[in-house]
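I have placed the structure first, in the form of structure tokens, so that the comments after it can refer back to it.
Rule-based calculations on the coordinates, nothing more; no lab input. The model shown is predicted, which means the values in this text are computed figures rather than measured ones. For neighbour counting, all protein chains shown are included, and Cβ atoms are generated from backbone atoms with ideal geometry for every residue, glycine included.
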Amino acid sequence: MNPFYNPVFLGKILKRYFVDVDRLDRISEDALHRYQDQQLRRVVRFAGTVPLYRETFKMAGIQPSDIKGIGDLHKLPFVTKEDLKRHYPGGIVSSQVNKESLIEVSTSGTTGKVLPLYVDLLDIVMGLFAYMRTIHEYDMSIWKNRITIIGDFAPHTAESGYVTRGLQPRFNLTKMFKNIQWLNTNDDPKKVIVAINEFQPEFIGGYVGMLGHLALLKETGLGENISPQYVAATGSVLDSYLKSYMEKTFQTKVFEVYGATESGLIGYQCKQGSYHLMSDLVYPEFLRNGHPVESGDAGEMIITKFHGRGTPILRYNAINDIVAPLQGTCSCGKAGSLIKKIYGRNDLALYRSDGTVLLPSAFSEIYSKLLYELRTNKVRNTKIIQHDISSLEIQVVIDETLRTTGPSVEEIFEFLRKGFQDKMGSDVTVTIKETASVDTSQGPRIVSLIDKKNYVISRYV
Ligand SMILES: [Zn+2]
């Protein structure tokens, strides 16, 4: 039976809608802690029915009943990407759940390491509610305001798992959510901007790269009717220059939403600009050398997800983001924890001879400057290879249709070379090469071949 016709399931959804969407605005800090303890106990008990976790719990010598709350979380072993891959498919789902009722999604292939896992329908609904929470924060309603969502609807992604394979066959989405326009971030930005221009949304949610392209196109005169009140940017680090360029071009306010395939949404910026964690849906820890970092210090994020009956995510250590937590509260009064800064992925880092590790937040601005300073989107693709501590190679694919318009290829190359030279220091040789395509099948777009085991990190930038 279609679960959306099942009254028990519908009842669960309605209850969740009223209880979950704005929980952080109503709940006290104490009540949130009790809720987190209870959710953790539930998810650990459930994980005990999943072969992967049964095995790792046994190896660590713990029983699900040993975990009474967040205070016991550190007793659980970390779960790695390899653990999940090794037990896929049968070993990452509960013996109590019919695997046919689950939906398979996988992490993005751009890093070269694809990880398949399962979500259930309640997970999908929670994902939707979490996104609605960010929309509510800006006084928008999915029933009243026109909302454009530019998702990653490539066949394998979480978004197509959620929307195309999860919700669409059960609801008629376009009929149900008349005010939501669904667009695909893998489409040509020119096609996307035409569609948005017709729809005239009050709110646009999309990936940083696509939003940057749209801003550039808007500046050239396309999309003249697009003037959203808010734009939500997600997917990668948004540097402040690109953010203000987008705000100026669209005459709007841009805020950030942070999430990952494995965990769902993790955080979002409130109206005051503070970065709040979705502390009722996920519990991130921030560790350096295995110990929690101080407020304001950068640490590796370990994530635990509270909801769903697909693949449990408990102390998962492979989102690979470096994030600084922040102690304190925000004047908006939301319960839960704050973060100070998201630095980006530490498996996409470059290493300087002085111990400084450059994370994506440090060099993404070199590329975004191509947009807002040189006004060009001629660079179609790029790959950055650090061969050793003193040599860096940048491969660039130029868009043939744009080759002769705007700044010359030489000018762009010099701009990139200088950008990386400034970041890496004068003792590094930076080479720029034009290539017909970049090979991302063997690994991510940013590869550092230096020996990380013997590298001593002094700071993250
Ligand atoms: Zn706030």
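Using the Karplus curve 6.51 cos²θ - 1.76 cosθ + 1.60 with θ = phi - 60°, what ³J(HN,Hα) values do you get for each residue of the range 333-344, in whole Hz, with x for Gly and Pro?
Karplus-based 3J(HN,Hα) across the range 333-344 equals x, 5, 7, x, 8, 10, 10, 8, 7, 9, 8, x Hz.
Based on the Cβ-Cβ distance from V194 to Q38, what FRET efficiency comes out when R0 is 56 Å, to the nearest 0.05? The partial results should precede the final answer.
On the way: r = 48 Å, r/R0 = 0.86.
My answer for the efficiency is 0.70.
Let a ≥ b ≥ c be the square roots of the eigenvalues of the Cα gyration tensor of the range 349-460; is it rounded (a/c under 1.5), or, if not, prolate (a/b larger than b/c) or oblate? It would help to have the intermediate numbers written out before the result.
Numbers: a/c = 2.26, a/b = 1.72, b/c = 1.32.
Taking the square roots of the gyration eigenvalues as a ≥ b ≥ c, the range 349-460 is prolate.
Among E55, E373, which comes first, then next, by fewest other beta-carbon atoms within 10 Å? Don't skip to the answer; put the middle values down first.
On the way: E55 15, E373 12.
Ordered from fewest to most neighbouring Cβ atoms within 10 Å, E55, E373 come out as E373, E55.
Describe numerically, in nm with one decimal, the distance between label points set 7 Å from Cα along Cα→Cβ at Y17 and at S458.
5.7 nm
Would you mind getting me the FRET efficiency between L287 and S236? Use the beta-carbon distance for r and R0 = 30 Å, nearest 0.05. Walk me through the numbers on the way to the answer.
On the way: r = 22 Å, r/R0 = 0.75.
The value I calculate is 0.85.
Arranged from highest to lowest average of other beta-carbon atoms within 10 Å per residue, in what order do the peptides 80-86, 271-277 appear? Working shown, then result.
Values: 80-86: 15.4, 271-277: 17.9.
By packing density, highest mean first, the sequence is 271-277, 80-86.
For the range 221-318, what is the charge dipole size about the Cα centre, in debye to the nearest 20, if Lys and Arg each add +1 at the Cβ and Asp and Glu each add -1 at the Cβ? Intermediate values should be presented prior to the final figure.
On the way: 8 positive and 10 negative charges, 42 e Å.
Value, rounded to 20: 200 debye.
Compare the peptides 305-311, 204-210, 402-408, 366-372 by average per-residue count of other Cβ atoms within 10 angstrom and give them in order, highest first.
Details: 305-311: 25.1, 204-210: 21.9, 402-408: 11.9, 366-372: 19.7.
Top of the packing list down: 305-311, 204-210, 366-372, 402-408.
Obtain the nm distance between the two label points defined at D72 and K58 by a simple spin-label model: each point lies 7 Å from its Cα along the Cα-to-C-beta direction.
2.0 nm
Quick one: net charge of P77's neighbours, Cβ under 11 Å, K/R +1, D/E -1? Before the final figure, lay out the partial values.
Details: positive: K58, K75, R315; negative: E55, D83.
In short, +1.
K178 to E104: extension gain in nm, 0.36 nm per residue of separation minus the Cα-Cα distance?
Numbers: separation 74, 0.36 × 74 = 26.64 nm, distance 2.70 nm.
Gain on extension, K178 to E104, equals 23.9 nm.
Report the relative contact order of the chain, percent, no decimals, based on alpha-carbon pairs under 8 angstrom and at least 6 residues apart. Intermediate values should be presented prior to the final figure.
Details: 857 pairs, mean separation 63.4, N = 461.
Computed value for the chain: 14 percent relative contact order.
With Rg and the Kirkwood Rh both taken from Cα atoms, where does Rg over Rh land for the range 142-279? Intermediate values should be presented prior to the final figure.
Working: Rg = 14.7 Å, Rh = 15.5 Å.
Reported Rg/Rh (Cα atoms, Kirkwood Rh): 0.95.
Determine the distance separating the Cα centre of the range 137-157 from the Cα centre of the range 378-430; give it in Å without decimals.
34 Å
What nm distance separates the two modelled labels at H156 and D139, each placed 7 Å from Cα along Cα→Cβ?
Rounded to a tenth, the inter-label distance reads 4.3 nm.
Does the chain classify as rounded, prolate or oblate by the C-alpha gyration tensor (a ≥ b ≥ c root eigenvalues; a/c under 1.5 gives rounded; else a/b over b/c gives prolate, otherwise oblate)?
Oblate.
Find how much the distance from R86 to T431 grows on full extension, using 0.36 nm per residue of separation minus their present alpha carbon separation; answer in nm with one decimal. Mind dumping the intermediate values first?
Working: separation 345, 0.36 × 345 = 124.20 nm, distance 3.89 nm.
Full extension of this stretch gives 120.3 nm more.
Can you bin the range 277-341 into rounded, prolate or oblate? Criterion: square roots of the alpha carbon gyration tensor eigenvalues sorted a ≥ b ≥ c, rounded for a/c under 1.5, prolate for a/b above b/c, oblate for the rest. Let's see the in-between values first.
Numbers: a/c = 2.71, a/b = 1.15, b/c = 2.35.
Since a/c reaches 1.5 but b/c is at least a/b, the shape of the range 277-341 is classed as oblate.
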